[in-house]
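Notes for the one structure printed next.
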Amino acid sequence: MDDPVKSMCEQLIKAVNVMMDPDSSHQYRQEALKFCEDFKEKCPFCVPCALQLADKSQTPVVRHFGLQTLEHVIKFQWNNMPQQDKVHLKNCSMELLSCGTYPILEEESHIKDALSRIVGEMIKREWPQQWPDMLTEMETLTSYGETQTELVMLILLRLAEDVITFQTLPTQRRRDIQQTLTQNMGNIFTFLLAILQQQVDAYRRLLFLSIPLQARAHCRVAITTLNTLAGYIDWVALFHITNENCQLLEILCLLLSEAELQLEAAECLLIAVSRKGKLEERKPLMVLFEDVAMHYILSAAQPAGSGLDEKKYIFLKRLCQVLCALGGQLCALVGSAVETKVPANLNKYMEAFLAFTTHPSQFLRSSTLTTWASIFRHEVLSKDPTLVQMSAKYMKTTMTNLVKTGFPSKNDNPSCEYSRVDFDCDEDFITFFNAFKAQQGEVVRQACKIAPFEAFQIAAEWLQYQISAPIDAGNAPGEGKASFCAGSPSYLSQKTAQKLPVEQGMELLQAVMKYETRDPLILSCILSSLSALFPFVLDRPEFLPQVFFKMFPAITFELAEGSKAPRTRSVKNVRRHACSSVIKMCRMYPEYILPYFDMLYTQVKDLFVNEMLLTQMEKCAMVEALVLLSNQFKDYEKQRVFLEELMAPVSARWLSEELHSILWDPVSFLSFVGADRVVTDPSDEDLMGLNRSRISFCVYTILGVVKRARWPDDLEEAKAGGFVVGYTSTGAPIYRNPCKDPVLALLPNLLAFMSAYFDVFMIFYHVFSTAISQPTVDVYDTPVYKSSVERLQGFFCALYDNSYHIIGHSGTALQQDFYTIDGLAEKLVSSTLVHLEHVPYHRLQDEDECCEESQVTQEMLEDQLVRLATREVMDLLYEEMMATDSSHLNAPQTSDELTELGKCILKNEDMYMTLLTLSFHSLSWRDTANCQRVASQFCWALLRQVISQGAVTWVYVSVLKALQMHGQHDGCNAALTQLALLIYDALRPRYAELRTVMNQIPNIHPEQMEQFDQRTLNPTLQKIGEKKRKDQFKKLIAGTVGKPLGQQFKKEVHFRNLPSLFKKVKPSKDIVANSENSGLVSLFTPEHEEN
């Protein structure tokens, strides 16, 4: 070894050890790192040193540094290396592969990874043109032993990832390598399958001979080979996967029985059966539904022992995904044009799938739901007798799955053990389970369509059992049965072609109505059952009053009558559930309930007599139910009179002199609601609470009426009822809302109240806005105590939110009448659009949590909030101003794209410039979704209306700045490039300033710019295709496109394109120059005469 090389190696070894020593100081580590980086960049004998350091006699960290150095040389110096140095480095690398490593079980995995990276980098630069025998050399290497075979697999996997998955190569190099891979894919797959078969056979043989160490070596190679196959299965042509009568799929199914290989085999199988493409190419995948393949899949799913084995559990997740993907292929192929029959052993597949649905793991259960829904919805499969039988089994399973069990913090169910693997805490589990439960409800509805009467019988059987059997307080299974029962009869009610089991349904309904309980959870289940069975009352309307007599006591439910103690959360849930049920019935079946309107109205008025009997939200729910029913009057005058009567108490209070003086005087208002004092006397708190309650009732009632009061959907009924007052110029009817008179009378006071007091209590709002924290786990029996501050907080929050909701709903409900309010615009601006900077983040997270989190998290939250708000602003502008979809900017532009409102706004110069500035400035906001939409749909529609000379440069520069910000994203790049081209084409002939802007773009070619500019000014000079012209413009402005932050300081890796292997020679169009016998002369040749 030369002395300089030896000396440098010694220094490098010391530097590497300093970097890796945890006891090294920061300064020494930095100096060592700088020395090593300088060595990579500047040392003239970098390769000899790296080869010496990579010798297996060195420590692993030194060897890894040596291999990293070789990779660095190939990446950044390969193009400038002499040919003999390239050959030398390549030979040395191949020597490292063949004899430079330890046995496979002793060698460090990061050393093998670094070795594969070196060879992979050379392949990406030289194959196939300069290294045509690469695949042959790789195949030869596999004969050297297990270590070399594994290294070859790693090299092939990295090649596929870099070229196909991550696409880290330039286009030309990537195309050459991908085409060569595709041409040789048959041989590559044959090679990979042969290696896999060979290693698996050796592994099994050595296990049988009780030689576990050597068996592990072959197992390691088999695992790596499966991982390599996974990297190719995802993108190769499907016939390679299904070739030789699906040999690959057969091998993978067989490997599912090998405990050490089954996970990797399942992942390969999952990728294969998840492939998309032409249906005729996917049809061979149906071989997996045959008996042999299904046998191995079912056998692999069987538990290997007691307790949770995490590796086995991960495998079960993959196997479940395989079955789901098979179900997707089944739904795609059966009933399609490729004429695929329903598999003969569909029952075996469905049983396997059902086994995962009954697994203790809640995650595995949820994983099957999407496929169940797809199969139940399938036009052909849903009619198969096997599936009809299976749907009944599924529905019985669902009743158990609907029960919330398996909390990670508990040990009362087999699911708990699995939940601790899948969820970090009970909060995560509850969030998951709520979504899981909702999804199950949708699948149950689909199952009911397949076997409606079976579904009803199952529900009826379980409900009857729950009613007749003694149930302990808080019995959880009852909740699951009630949730299931909510899906079956409610769907049956919509079927008109079949006769409903009305008698049995009414028996169940009567049994439910007779059931008495004081347990809140069970009562909630009873309410769910009543809602589900309510459709049966439609055939027995005489029972309808009894249903409401059962529900109304639940609205005022208390654990102890007359108790003044705070209500528990479970009691509040029951009361809210009852109110929701009443609203649901009045919304879905108003025509059936309308005959009993007077009875309901009387009951509601009786409830309202005692102000403290119902909360304000519960009162609002009752008002909404009555308004929904009144919509069935279909008589404008009758409904108007009723609504005026319903709102009379609210109108009297809201417009009274007493409340008027309080609403208009901030000091009086704060005193009235108790916000100006510390409450020490309970009687004072009761009085202040009553005052707040009355104001809340007014606001809640206005909101309920505005939300629910409507005219008939049918135009003829609306005309007959007096709801239509005219027609627009386009012939659309103009409606009037029966609630307009009472609501319009109340809105001015509401707007004045918002304007006068928001600037006062917004300061309080920031203090009171913290959302009262809800327990993550339902604590049903704990009273919900609130301090006076918390009650004030809730009051202000609700008042603030509901005031905005009223204004928002008023526009759609009152329509043209809403805009008759005097000075509406000024009142809206001064009331709804003030002090927005004080709005807290209670919609996103708790204020206390915000204060406790780091500044970085706070900034992220603020950025997200600003992004959402600004996106909504642009969405509002687009929806209000644009009449048609303008996403295709190259389409002919007409003034019809703007609405009448848009055209009116643009006539005002100040408004126009404000919108123009806002839209083009928003292109550079840190929001790619907003940039793409505004650039493609809004900017050009605004700009082409009218443009002043002073704004031309700013507008064009704004687009180029947006390219710098978002140009690395393909969607934004396309939209912004198209917008820039439209602006340049339209405005360049009039404004020479645009050429000046273009000249300032970095790396622009002056000659190409001049040529493009002349064609823009004189289109008749030379006509070229639109696509070619767009590509030319894109190259001209390429210098404006910015890099992502992660790429801005990254050293560039350069690839030199090799001579193309697949270049097509274009035939010359000069017939005379390329033909000896052309034209008329060829007609008189002897050969022609003989013919």
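A few points about this structure:
- Sites Glu139 and Ala344 - FRET efficiency at Förster radius 60 Å, r taken between beta-carbons, to 0.05: 0.90
- Distances between every pair of Cα atoms in the chain, grouped in 20 Å steps from 0 to the bin holding the largest one, split as 9, 25, 35, 24, 7, 1, 0 percent.
- Extended-chain gain in nm, criterion 0.36 nm per residue less alpha-carbon gap, Leu1017 and Met185: 294.3 nm
- 222 nm mean residue ellipticity, helices alone, for the chain (DSSP H n ≥ 4; -39,500 (n - 2.57); rounded to 500): -21000 deg cm²/dmol
- With respect to the chain, whose longest principal axis is taken over its alpha-carbon atoms, helix 970-987 is tilted by about 90°.
- Approximate spin-label separation Thr728-Ser693, in nm, with each point projected 7 Å along Cα-to-Cβ: 4.6 nm
- A dipole drawn for the chain from +1 and -1 charges on Cβ atoms has a positive end, and of Leu159, Thr182, Val725 the residue lying farthest that way is Thr182.
- Between Ala825 and Leu901, the C-beta separation translates, for a Förster distance of 22 Å, into a calculated FRET efficiency of about 0.95.
- Around the amide H of Met882, modelled in the peptide plane, lie the amide H atoms of Thr899, all under 5 Å away and 5 or more residues distant in sequence or on another chain.
- Helix 26-42 axis, angle to the chain major axis (alpha carbon atoms, nearest 10°): 50 degrees
- D (Stokes-Einstein, µm²/s), Kirkwood Cα radius, region 521-645, 1.002 mPa s at 20 °C: 141 µm²/s
- For Asn1057 and Thr928, the difference between the fully extended length at 0.36 nm per residue and the C-alpha to C-alpha distance is 43.1 nm.
- Accessible area of Cys99 (1.4 Å probe, protein heavy atoms only, ligands and nucleic acids ignored): about 80 Å².
- Computed lengthening from Arg540 to Trp664, 0.36 nm per intervening residue step minus Cα-Cα distance: 39.3 nm
- Packing-based ranking, highest mean first, of 866-873, 617-624 given that Cβ atoms within 10 Å are counted: 617-624, 866-873
- Note on the chain: dipole from Cβ charges, positive end direction compared against Met599, Phe433, Thr358; the farthest Cα belongs to Thr358.
- Rg to Rh, two decimals, where region 393-439 supplies the alpha carbon set and Rh follows Kirkwood: 0.99
- For Leu298, solvent-accessible area (1.4 Å; no DNA, RNA or ligand), Å²: 50 Å²
- Spin-label model distance (nm) - Phe453 vs Leu33, 7 Å beyond Cα toward Cβ: 7.6 nm
- Between the Cα long axis of helix 83-99 and the first principal axis of the chain there is an angle of about 70°, rounded to the nearest 10.
- Estimated distance in nm for a label pair at Glu591 and Gln198, the labels positioned 7 Å out from Cα along Cα-to-Cβ: 7.7 nm
- Residues whose placed amide H lies under 5 Å from that of Thr340, excluding near-sequence neighbours: Gly335
The values are calculated or read from the model by the stated rules, or taken from the named source; none is laboratory data. Predicted model only: the values in this text are computed from it and were never measured. Neighbour counts run over all protein chains shown; Cβ positions are idealised from the backbone, glycine included. Heavy atoms of the whole protein, side chains included, go into the accessibility calculation; ligands, DNA and RNA do not. Shrake-Rupley method; radii C 1.70, N 1.55, O 1.52, S 1.80 Å.
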